[in-house]
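Engineer: Below is one structure. I have some questions about it.
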Amino acid sequence: MPKKDSLLRLIIVASFICMLLAACSSGEVSGLVIKGPPVIHSDCEVDEDTPPITFTISMTTNGPATVTYHLEVYNAARTILLAKSPNATRTFATASSQTFDPGENYKFDCGNFIVELIISSPNSMTAQTSWSVVTP
């Protein structure tokens, strides 16, 4: 019986430390949205006059979390990966929502495109939006 009592004491102490530090349980991403303009007008030549597309991301967590994410841009058929951002993080001190510009600006010639927002930590989740680049 002494081994069971020692194990029980250890579990109680570990649980207490976790409560104090709030390190043993963390939140997850519970809501995710990415938005951008549906159409960009361009002469279809990528140069300094080409308007970039920017996105707005909204993330919601159900507790404290550090969220790791990145963006991937594909052609409309999703057969060609055109761009991939490096991993970035957002920190949530409590369950909350944050809306932000991820800081990635993309320029493409005429066509239809999809951007996918990929959450890799603390849980896995994706969101996407699409847009077209057309001549005026």
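The values are calculated or read from the model by the stated rules, or taken from the named source; none is laboratory data. None of the values given here were measured: they were computed from a predicted structure. Cβ: placed from backbone, ideal geometry, glycine included. Neighbour counts: every protein chain shown.
Engineer: Check every one of the strands (runs of 3 or more DSSP E) wholly within the range 40-136 and list those with 1 or more residues that are surrounded by 11 or more Cβ atoms within 10 Å (Cβ to Cβ) and of a type in the set (A, V, I, L, M).
Structural biologist: On the way: elements: 56-61, 65-75, 81-84, 88-92, 97-100, 111-121, 125-134.
Of the strands (runs of 3 or more DSSP E) lying wholly inside the range 40-136, those with at least 1 residues that are surrounded by 11 or more Cβ atoms within 10 Å (Cβ to Cβ) and of a type in the set (A, V, I, L, M) span 56-61, 65-75, 81-84, 88-92, 111-121, 125-134.
Engineer: Sticking with this structure for a sec: Just need a number here: residues in the range 20-40 that are at pLDDT below 95 and under 23 Å from PRO52 (Cβ atoms).
Structural biologist: Adding up the residues that qualify gives 5.
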